[in-house]
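Encoded as structure tokens, the structure appears first; notes follow it.
The values are calculated or read from the model by the stated rules, or taken from the named source; none is laboratory data. Nothing here was measured: the structure is a model prediction, and the numbers come from that model. Using ideal geometry, Cβ is built from the backbone for each residue, glycine included, and neighbour counts are taken over all protein chains shown.
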Amino acid sequence: MKTLFILAITLAMHNGLLATNLHGVEYAFAKAEKNHIPSFTKDPVQNTIKVALLLDTSNSMDGLIDQARAQLWELVNDLAEAKCGNESRPDLKIALYEYGNDRLNAREGYIRMVNSFSTDLDEISKNLFSLTTNGGNEYCGNVIENSLNQLEWGKNKNDLNLIFIAGNEPFDQGPVRYQDAASNACGKDVTINTIFCGDYNEGLNTNWKDGASLTQGDYIAINSDRATVHVPSPYDDKILQKNEELNKTYVGYGNLASSKLALQSSQDSNAQSYGNANAVKRAVSKSSRLYKNTSWDLVDAMEENEAVVVELKETSLPKELKGKTEKEIRKYVYEKKKQRTRIQGEIAKLNIKRKEFLESKTNTKDNELRNALVDAIKKQGHAKNYSWE
């Protein structure tokens, strides 16, 4: 501060302000101090909820995998309602590991990273549906340690970094001590939550609770063989119709366009395989802020960065935009954006009515995996000033 004051006097003398009156010095000081402040301001950092799912894919875990597939979109919809302390909305990234499967490499501890942290919800859904079970050795400490060392957890203290490991064998199997993995997690500001597929006391006696407690995470026991319940509502058909309209607003571009449009359609079908009510949950997810496809959809890409249209090559354009001027492309994409925004709003309104209808109909205990995940995320999120609508 003293340095700033001297600087102010120097500036005042240089400009002839000192001879005028003391007010000139005060003005120069205020100006110097004002000019000094912006160097300490920083752009806000985007906060992220990072969830690493570590799923046992040994023979007895078919029910667990089925629940993960069936309840993904309901989980996404819950997390879409999250707010950070500054009222901003956090991003969501999900990583997926499988472990305990004889088809996996024994030298790597029967562990496979299926996908690293990703915001591509269609890709995550595809990966869940690709999992198959087979007998094997379940090394919890190993898969936790791998996820800690292989994934980009970052250093933003406001991120919510969570591991969820699910299985049904003793937690202390394998060459890596789960206690050491937990210590590593604490150093990276990662919370380990354990989901035992079986009796609560059995999980307690086989160290699943201890595995969570070491990082102040949650231990939950679930019945992984219980079928997911999707309750229909009178609004489902309308929402599914809006989903068809929503799909028509996507403008694929680049090398990924064809495969990603096909992937979007196939994941609609996968969700539909669990019934209309689950397909509706996916439609709601697709209308939310978390469903972004900037790598292949021109509407999302231009919303994030309008300059992308300048860099487009003729070969990367869809058939309907080939030969168009930049102005014509912008007009076309903006019209699709307007349509999408309208449809998303209509789905949101229908979903409010749907949720009101379901409140008196749904037994929340039925969807155990989703409940375990959401309850733990909300509890641990509140500790970092996250809130839910």
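Of the residues 293, 385, only one is surrounded by 20 or more Cβ atoms within 10 Å (Cβ to Cβ) and either modelled with pLDDT under 95 or not in a helix (DSSP H, G or I) (or both); which?
The conditions single out 293.
Aliphatic (A, V, I, L, M), assigned by TED's automatic domain parsing to the domain that holds residue 277 and in contact with a Lys or Arg (Cβ under 7 Å, 6 or more places away or on another chain): does that describe residue 246?
Considered against the rule, which asks whether it is aliphatic (A, V, I, L, M), assigned by TED's automatic domain parsing to the domain that holds residue 277 and in contact with a Lys or Arg (Cβ under 7 Å, 6 or more places away or on another chain), residue 246 comes out as yes.
Within the bounds of region 341-351, is there any residue that is of a type in the set (Ser, Thr, Tyr) and either modelled with pLDDT under 95 or not in a helix (DSSP H, G or I) (or both)?
no
Within region 205-215, is there a residue that is touching a residue at least 40 places away in the same chain (Cβ under 8 Å), crowded, with 19+ Cβ neighbours inside 10 Å and under 20 Å from residue 373 (Cβ atoms)?
Yes, because at least one residue in region 205-215 is touching a residue at least 40 places away in the same chain (Cβ under 8 Å), crowded, with 19+ Cβ neighbours inside 10 Å and under 20 Å from residue 373 (Cβ atoms).
Condition check ((1) free of Cβ contacts under 8 Å to residues at least 24 places away in the same chain; (2) touching a His at 6+ places or on another chain (Cβ under 9 Å); (3) closer than 25 Å to residue 256 by Cβ) across all residues:
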| residue | (1), (2), (3) |
| --- | --- |
| 283 | no, no, yes |
| 287 | no, no, yes |
| 313 | yes, no, yes |
| 316 | no, no, yes |
| 349 | yes, no, no |
| 357 | no, no, no |
| 374 | no, no, no |
| 389 | no, no, no |
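State all residues of region 317-329 that are closer than 13 Å to residue 251 by Cα and surrounded by fewer than 16 Cβ atoms within 10 Å (Cβ to Cβ); if no residue qualifies, say none.
319, 320, 322
How many residues does region 331-359 hold that are farther than 16 Å from residue 240 by Cβ and in contact with a Phe, Trp or Tyr (Cβ under 9 Å, 6 or more places away or on another chain)?
Residues in region 331-359 being farther than 16 Å from residue 240 by Cβ and in contact with a Phe, Trp or Tyr (Cβ under 9 Å, 6 or more places away or on another chain): 2 in total.
What's the total number of residues in region 59-79 that are crowded, with 24+ Cβ neighbours inside 10 Å and charged (D, E, K, R)?
Looking only at that region, the number is 0.
Determine which single condition residue 149 fails, assuming it passes every other condition in (1) out of contact with any strand residue (DSSP E or B) (no Cβ under 7 Å at 6 or more places or on another chain); (2) loosely packed, with under 15 Cβ neighbours inside 10 Å; (3) under 23 Å from residue 378 (Cα atoms).
Only one criterion is unmet by residue 149, namely (3).
Scan region 211-224 and tell me whether some residue there is at pLDDT below 95 and small (Gly, Ala, Ser).
Yes, region 211-224 contains a residue that is at pLDDT below 95 and small (Gly, Ala, Ser).
Does residue 177 count as in contact (Cβ under 8 Å) with a residue 24 or more places away in the chain and more than 24 Å from residue 378 (Cα to Cα)?
Considered against the rule, which asks whether it is in contact (Cβ under 8 Å) with a residue 24 or more places away in the chain and more than 24 Å from residue 378 (Cα to Cα), residue 177 comes out as yes.
How many residues does region 184-223 contain that are part of a loop (DSSP other than H, G, I, E, B) and either over 23 Å from the mean Cα position of the chain (by Cα) or not hydroxyl-bearing (Ser, Thr, Tyr) (or both)?
12
Of 131, 121, 104, which residue is of a type outside the set (Val, Ile, Thr), surrounded by fewer than 21 Cβ atoms within 10 Å (Cβ to Cβ), closer than 24 Å to residue 256 by Cβ and in the same structural domain as residue 212 (by TED's automatic domain parsing)?
Of the residues listed, the single one that is of a type outside the set (Val, Ile, Thr), surrounded by fewer than 21 Cβ atoms within 10 Å (Cβ to Cβ), closer than 24 Å to residue 256 by Cβ and in the same structural domain as residue 212 (by TED's automatic domain parsing) is 131.
For residues that are over 16 Å from residue 217 (Cα atoms) and touching a Ser or Thr at 6+ places or on another chain (Cβ under 9 Å), tally how many sit in region 370-389.
Result for region 370-389: 1.
Taking into account only those residues within region 251-273 that are free of Cβ contacts under 8 Å to residues at least 60 places away in the same chain and not small (Gly, Ala, Ser), which is farthest from residue 317 (Cα to Cα)?
Going through the qualifying residues, I end up with 272.
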